[in-house]
Every structure is written in structure tokens, then in C-alpha cells.
Amino acid sequence: MAETLVKVDLSQPATTNEKVHNRWHPDIPMACWVNPGDDFILETYDWTGGFIKNNDSADDVRDVDLTTVHYLSGPVGVKGAEPGDLLVVELLDIGAKQESQWGFNGFFSQKNGGGFLTDHFPLAQKSIWDFEGMFTKSRHIPGVRYAGLIHPGLIGTLPDPKMLENWNTREQKLIDTNPTGNLANPPFAGTAHMGSLKGEARDKAAATGARTVPPREHGGNCDIKDLSRGSKVFFPVYVDGAGLSVGDLHFSQGDGEITFCGAIEMAGWVHMKVQIIKGGMAMYGIKNPIFKPSIIAPAYNDYVIFEGISVDESGKQYYLDVNVAYKQACLNAIEYLKKFGYSGAQAYSILGTAPVQGHISGVVDVPNACATLWLPTQIFDFDINPNASGPIKHIDGSIDMPISQDK
Ligand code: ZN
């Protein structure tokens, strides 16, 4: 049995756990050390450290302090790993914690976090998803049940001081172009949890510790649903020992994590194995991680596919804007699902959580980019295919997702 090197107690605050951190900084001490070839288990909190509860109110989604996220387990030091190497991480298995067989999905209030479709869903809402082994369903969204494609939303290596400075500088430059625009999240010492660092050393590192929100060169918060159990990731190494951290586990997620809070978020564990490729970064020309997919994936192979172009819902023309195009594909899918009786919120939550595929279909045909959203038909209890007799209202509207008014 592989050793569990990081344990988390869900009844205790994440900030009391010295093998957990919520910023990126090279001074964060390694939580443990392993040898190349070792396999081991890390337990993790959900990304909010347990703030979101299994209940029928969205008040917690409305009120969450987003400077506290994400709580990551690690860093794990790998003996012999040096800057310029590749750290090979095989995700042998991933699961929910035994005492926590559920997850959450939600949309943030526009006043605290917002999200991809926040103009259409400006208030906090939440759905709870119960796990039945490899399957999940929600008491807030009838008519769907599907197999999990379990993955870490966030996994990466520690930056060196130069890379950290580069991140903070370039992100601050962007913030300066529109300081109230929420374009990026600068370091914030107040709620920084720097693992086992204490006192002055903690304060110094907390002042410049990079927030965990964006994906960066080291991996980080990529939210790639296909980094699932059985996949193998090759990370750049910047510091001695590499410093591998993981968290933000998802039971399932649609491409884009469009609901932002987030996929089906859960507390759980990751069983992994590490190897090193000496000098691998230069050998393979690696700047960002690469990965090999799992041989295991849910076999949904029939879809209704929605197209979107870079013309927004007000009719404004954008130039080859993939973000606008994907948004339109999502809105088109939501309108379609409403014809079967779903509320807009329920449809949005399905797109954020189910194994939905998003594709960039065309980026050269000026002025319109084209994006597609692939909605699997086999996750529904009823037929969602279009036909001449029209959609049947299978969902009667008696159940909806909890919603919370702004305070
Ligand atoms: Zn997440």
C-alpha cells in the first residue's frame, strides 16, 4: 500500500495544516521528500478549504473569500530533481474522501468573483452532486446522471525567484491597464498560507507569493478535464526538488470550467508516481507542461454539437475572438436545454460539470472565430436529439438550484 504523505482532516481548517499552502513561492518548505520511482498518496481539501457546504443554500458561494484559495497539498520534493529537468507525474488513481462522497458546482455573484456568463447569471447559485461510486447525480438538477472523469484542476511545480518575479511583474502590468477591472489577482499577504513557514520568513514570502488562480508555465490552475486518472504529465522543474503540489480536485468538468465555482469540486486523494528526465526541458523544447492522456475515459460518443461565432448576444462584431465564440456556443446550448424544461441555471450547471467537449473550430476566417460545444446525449434520462415533433418537456420546473440575493 502506498504511503499517504499528506493527510487532511476535513473537520479542521486548512490553514492549520502545515503540508497545505495557497500561494506559489520558492521559499515554501517541502512538505515531504520522495525518490524517483516512488508512488505515494496526497490527500487534499476542496479548493475552498471546506467553505462550501452540502446544503440547499448558495449563501456560502456568495460569501466565500476568494483571496483564500486554492488550498494545495505539498510541495513534494523529489530527490535529484534540478532546474531544467522534467518531472514526470503519473496520476495512478484519484478519488473522493470516504467521509465526503459529494461535490459542489456553482456560479459566483457578479459582486464577488463573477464568471464566464455572469451577465446572464449575476447571483450566486449552487448545485450539490452526490457520488454513487463512479457516477454522480444532483438533487438540484433532475434528468442527468453520468460517470466521473476525475482529475486535479490544479497541479504544478514551484517557481524559482526569477520566474515568480516575472509572473508578478507581467500580471501587475495588466492590472495597471484597468485597476478596477479584475483583470488579474496580485499577491495578497493577509490570507496567504505558506505551509510550515512561520514568522518573518512567512511574512516576507507572503508579500510576493503568487496567487494560484491562473495557469502558468509550471502548470498550476489549468482545469484540464483530461488530466484524469491514468494520465501522465511532464512538468518543467525550476527549483531543486521540483516541489510538486496538487489540489482543486474535480469529480467531473466540462471543457472551459465555464461555471467558475467551479467543476464538481471535491475533497479527495491523489495516488501518484514520479520520475525525472534529466535535462528534459531543453531536450524537448518544453516551456509549458505536456501530458499523455489516460487509456480510461467515459465512453460517451454521441453528441448534439452547438456552434458559436464571435458575434456577441447584442449583435456586436468581434475579430476572431474565441472567447466570444465559445460563450455563444454555450448560450446556444442553454437555450436548447431550456426547451426540455430546465431552468437556465440548471442548463448552465450541466455544461460546467458534465463531460462536455469544447473545440476551437476555426480561427482564420475573418472576422469570425468559430467554437463548438459538444453536449453528450447519453448523460440524459431522455432523448435530447432534435426531430420534427419538437422537444418534450421532461423537466417540470418543480426543482431548481438554490439562489442567493446579494447582501
Ligand atoms: Zn476547481
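The values are calculated or read from the model by the stated rules, or taken from the named source; none is laboratory data. Keep in mind that this is a model prediction, so the values were computed, not measured. Cβ sites come from the backbone with ideal geometry, for glycine too, and all protein chains shown count toward neighbours. Quick note on the areas: whole protein, heavy atoms, side chains included, nothing else; ligands and nucleic acids left out. Shrake-Rupley method; radii C 1.70, N 1.55, O 1.52, S 1.80 Å.
Amide hydrogen proximity for Glu82: with H placed 1.01 Å from N in the peptide plane, the residues at 5 or more positions away or on another chain lying under 5 Å are Gly241. Within the same chain, lysines fewer than 8 places from Lys173 are excluded, and of the rest, those with a Cα less than 17 Å from its Cα are Lys162. Have a look at Ala147, Ser294, Pro391 and report the one farthest towards the positive end of the charge dipole of the chain, computed about the Cα centre with Cβ charges (Lys/Arg +1, Asp/Glu -1). Of the listed residues, the answer is Ser294. Of all beta bridges that DSSP places with both ends in the chain, some 95 percent have antiparallel geometry. Cross-link partners for Lys316 among the lysines, with Cα-Cα distance under 21 Å and sequence neighbours closer than 8 places in the same chain left out: Lys327.
Protein heavy-atom surface of the chain, 1.4 angstrom probe: 54% of the accessible area is carbon and sulfur, with nucleic acids and ligands not counted. Remark: segment 303-404 carries a charge dipole of roughly 40 debye about the Cα centre, counting +1 on each Lys and Arg Cβ and -1 on each Asp and Glu Cβ.
Remark: spin-label model distance Thr169-Asn323 equals 2.4 nm, labels positioned 7 Å along the Cα→Cβ axis. Each residue of segment 3-14 is assigned a 3J(HN,Hα), and the resulting list reads 7, 8, 8, 10, 10, 10, 9, 5, 7, 10, x, 4 Hz, derived from the Karplus form 6.51 cos²θ - 1.76 cosθ + 1.60 (θ = phi - 60°), x at Gly and Pro. Accessible area per residue for the chain, computed on protein heavy atoms with a 1.4 Å probe, is 42 Å². Out of Asn35, Thr212, Leu249, whose Cα points farthest toward the positive end of the dipole of the chain (charges: +1 Lys, Arg; -1 Asp, Glu; placed on Cβ)? Projecting each Cα onto the dipole axis, the largest value belongs to Asn35. For the chain, the alpha-carbon coordinates run over 65, 48, 46 Å along the three principal axes, in decreasing order.
In the complete set of protein chains, residue-level accessible area for Arg139 is approximately 90 Å², probe 1.4 angstrom. Descending by average beta-carbon neighbour count within 10 Å, the peptides 56-68, 319-331 line up as 319-331, 56-68, the highest first. Listed by chain and number, the lysines whose alpha-carbon sits under 24 Å from that of Lys292, ignoring those within fewer than 8 places in the same chain, are Lys79, Lys225, Lys232, Lys273, Lys278. Each Lys and Arg Cβ is given +1 and each Asp and Glu Cβ -1; about its Cα centre, the chain then shows a dipole of about 280 debye. For the listed peptides 351-361, 187-197, a ranking on the average number of other beta carbons within 10 Å per residue, highest first, reads 351-361, 187-197.
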